[in-house]
Amino acid sequence: MTQEKIENSKEIIEALSKIGEAITSDLYLEDILKLLVTTTAEIMKSKVCSIMLLDPKKKELAIKATQSISREYINKNPLKLGQGIAGKVALEDRHIFVANILEEGTYVHKDIAKKEGLVSLLCVPLHVKNEVIGVLNLYTSEPHQFSDQEISMLQAVADQAAIVIENYRLIVETKVIKEELEARKVLEKAKGILMEDFKLSEDKAFKKIQKFAMNKRKPIREVAEAIIMSYEMKKN
């Protein structure tokens, strides 16, 4: 990378900061990450930039976002934790630089790298609360020695991505919890109506709702809402 690219370090951090501020809860996580890798690739003039996220249950890293249009690269098989360069970065929680991935024995997808003209690689971890959740890969099409400043810059990008991912997950979790609480309130109200109208115990009122839902193949919440609506129509 040229001196001009190094001088762009402030520009990329500012650009990603603006992206973070612009993010809203109605965006899909894939769209957010695509925005991040596209911006990074454009400013750093990289051949390929990608984000791989770690599935903690499978202990696998899979590509979740890249600006590359190569179907072979996009559809690469997931890497096991510790496998390949990215897997090692995620396992050891440290950045790794490879001058020529075609000459690196541990690099897994040499066939794709050769076809796409990928040479040097810098891979940095993504952290959330001191836990590695994925990696950020940056490839060049020519041999390149990454400076300390470039490494710091890419780590800043990775940190931004990690914050975005965590915020998105918190939004989703909060939304799920809210929906669960609302569903519970609806169910409690419906049970109360049945308990009063049919002189049922709480347990029998719930079983009545549950049985109707199973017979009609309807969600319990939908049945509970129908009971409440019917009750309120009778009142009016």
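The values are calculated or read from the model by the stated rules, or taken from the named source; none is laboratory data. Source: prediction; values computed, not measured. Methodologically, a virtual Cβ is constructed for each residue, glycine included, from the backbone with ideal geometry; neighbour enumeration extends over all protein chains shown.
Taking Ala183, is it among the small types (Gly, Ala, Ser), more than 30 Å from Leu138 (Cα to Cα), outside the structural domain of Ala90 (by TED's automatic domain parsing) and modelled with pLDDT of 90 or more? Criteria not met by Ala183.
Could you please let me know if Ala65 is small (Gly, Ala, Ser) and modelled with pLDDT of 95 or more? Please lay out each step first, then the result.
Numbers: small (Gly, Ala, Ser): yes; modelled with pLDDT of 95 or more: no.
It is false that Ala65 is small (Gly, Ala, Ser) and modelled with pLDDT of 95 or more.
Pairs only if they're at least six apart or on different chains, beta carbon under 8 angstrom, first in segment 30-51 and at positive phi, second part of a loop (DSSP other than H, G, I, E, B); list them, first residue then second. Filtered contacts from segment 30-51: Lys45/Met1. Restricting to segment 117-151, and then to whatever is without any contact (Cβ under 8 Å) to a residue 24 or more places away in the chain and over 18 Å from the mean Cα position of the chain (by Cα), can you tell me which residue is surrounded by the most Cβ atoms within 10 Å (Cβ to Cβ)? Taking the candidates together, the pick is Glu142.
The set of residues in segment 22-42 being modelled with pLDDT of 80 or more, hydrophobic (A, V, I, L, M, F, W, C) and more than 15 Å from the chain's Cα centre (by Cα) consists of Ala41 alone.
When Leu102, Leu81 are screened for being of a type in the set (A, V, I, L, M), free of Cβ contacts under 8 Å to residues at least 24 places away in the same chain and touching a Lys or Arg at 6+ places or on another chain (Cβ under 7 Å), only Leu102 passes. Among the residues of segment 107-139, the ones that are more than 17 Å from Asp55 (Cα to Cα), out of contact with any strand residue (DSSP E or B) (no Cβ under 8 Å at 6 or more places or on another chain) and among the β-branched types (Val, Ile, Thr) come to 1 in all. Residues in segment 184-233 that are more than 36 Å from the chain's Cα centre (by Cα), buried (at least 17 other Cβ atoms within 10 Å of the Cβ) and basic (Lys, Arg): Lys191, Lys208. Scanning segment 207-227 turns up one or more residues that are in a helix (DSSP H, G or I), more than 30 Å from Leu35 (Cβ to Cβ), in contact with a Phe, Trp or Tyr (Cβ under 6 Å, 6 or more places away or on another chain) and at pLDDT 85 or above. Condition (residue is surrounded by 13 or more Cβ atoms within 10 Å (Cβ to Cβ), more than 16 Å from the chain's Cα centre (by Cα), in a loop (DSSP other than H, G, I, E, B) and at pLDDT below 90) applied to segment 3-15: is it met by at least one residue? Yes, that holds for at least one residue.
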